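Heads up, the thing below is written out as structure tokens.
Only the coordinates and a few stated rules stand behind these numbers; no lab work does. Every value quoted in this text rests on a predicted model; they were computed, and no experiment measured them. Virtual Cβ from ideal backbone geometry, glycine too; neighbours counted across all protein chains shown.
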Amino acid sequence: MIILFNSILNLSYWQLALAYTFVLIVLVLIKSIGIAKEKELLISSIRMTVQLIIVGFILTYIFNYPNFFITSFILLLMVFFAIHTIFKKFKGKLSYKLKKVITIAFTLGVFPVIFFFIFVVIQVKPLYNPQYVIPISGMIIGNSMTGITLGLNTMVKRFTLNVEEIETSLILGATPRQASKDIINDAFDNAITPTINSMLGMGIIFLPGMMTGQILSGTIPTTSIMYQIAIMLGILGGVGIVTYLCLVLGYKTYFNSQKQLIYDSVSK
């Protein structure tokens with residue numbers, strides 16, 4: 001039997017409503033085991049629905065009326081909120097210098113990856129076509145944000161817990177970079193591991209979101225696979241470059257000009 005690849009099946013409102021059955025099931029499960037997550041689950045479900053509906057209307061307009069300035073503004077907005085989310089995650093734990101480093105590292109790391117992927121790999125025309133720029137940039141920015149958060153989490157914890165070890169290394173003549181080497185390596189490893197694990201399991205254990213979406217929309221699997229491989233490599237580049245820049249520049253904020261550990265930074 002030959003299966004024809006047709007356009008995606010449209011969901012009616014009542015079909016979408018049926019999907020909320022899973023929310024009710026999970027609410028019952030949460031209630032049965034006594035975890036106080038009912039309110040959080042309901043709020044997250046409602047918030048997700050409202051946010052996605054609003055975004056859907058906005059994207060429909062933007063896709064129908066592509067504009068360079070609007071696409072650029074949305075791209076900048078995504079980067080801004082990604083950086084803001086990182087700061088919020090580490091509220092009270094980041095020095096002003098480290099926040100500055102994160103902003104610079106994220107911006108310098110993610111934009112070249114996005115531009116190279118969209119303009120060189122995909123070769124989108126026009127270059128500001130929101131149908132490609134916005135979703136692809138969103139995936140690269142989102143995964144880079146997750147990577148840098150994981151890396152920072154390890155670095156901040158290690159600098160706080162390993163003060164004596166770092167001080168001992170400095171006393172024995174190590175440079176700040178040498179004293180921080182293990183911390184940087186572990187932080188980078190923790191940041192990049194989830195992306196590598198996703199690449200290992202992709203295609204055998206699970207089908208990734210972008211590929212699934214394209215197949216459902218009627219795109220033939222081979223084309224979907226090409227796009228998915230490309231975007232995963234782009235995500236890998238984004239996570240790797242952004243996290244590396246953040247860590248190799250960020251560790252310096254824990255030391256002063258005399259190469260001494262700044263205790264105010266590690267005591268946050």
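Ellipticity at 222 nm from helices only: DSSP H runs of n ≥ 4 in the chain, each -39500 (n - 2.57), divided by the residue count, give -25000 deg cm²/dmol.
For the options 142, 34, 240, a Gaussian network treatment of the chain with springs between C-alpha atoms closer than 10 Å singles out 34 as fluctuating the most. Overall, the chain carries a charge dipole of about 580 debye about its Cα centre when +1 sits on the Cβ of Lys and Arg and -1 on the Cβ of Asp and Glu, all other atoms neutral. In this structure, residue 17 and residue 108 have a Cβ-Cβ separation that, at R0 = 45 Å, corresponds to a calculated FRET efficiency of about 0.50. Among 200, 18, 77, the largest mean-square fluctuation in a Gaussian network model of the chain (Cα springs under 10 Å) belongs to 18. In this structure, residue 39 and residue 60 have a Cβ-Cβ separation that, at R0 = 25 Å, corresponds to a calculated FRET efficiency of about 0.20.
Between the beta carbons of residue 72 and residue 100, assuming R0 = 22 Å, the FRET efficiency works out to 0.40 to the nearest 0.05. In this label model, residue 46 and residue 119 are separated by 4.5 nm, measuring between points 7 Å along each Cα→Cβ vector. Diffusion coefficient (Stokes-Einstein, Kirkwood radius over C-alpha pairs, 25 °C, 0.890 mPa s) for the chain: 115 µm²/s, rounded to a whole number. Quick check on region 1-65: take the gyration tensor over C-alpha atoms, sort the square-rooted eigenvalues as a ≥ b ≥ c, and tell me if it's rounded (a/c under 1.5), prolate or oblate. Since a/c reaches 1.5 but b/c is at least a/b, the shape of region 1-65 is classed as oblate. For the chain, the membrane-span-like helix rule (DSSP H, alpha carbon extent of at least 15 Å along the helix axis, mean Kyte-Doolittle at least 0.5) picks out 21-33, 38-64, 68-89, 96-115, 130-161, 221-250; this says nothing about an actual membrane.
Once the chain from residue 230 to residue 175 is taken as fully extended at 0.36 nm per residue, the excess over their C-alpha distance is 15.9 nm. Here the simple spin-label model places points 7 Å from the Cα toward Cβ, and for residue 53 and residue 258 these points are separated by 6.2 nm. Applying the criteria of a DSSP loop state and at most 15 other Cβ atoms within 10 Å to the trypsin sites (Lys or Arg not before Pro) of region 64-128 yields 91, 93.
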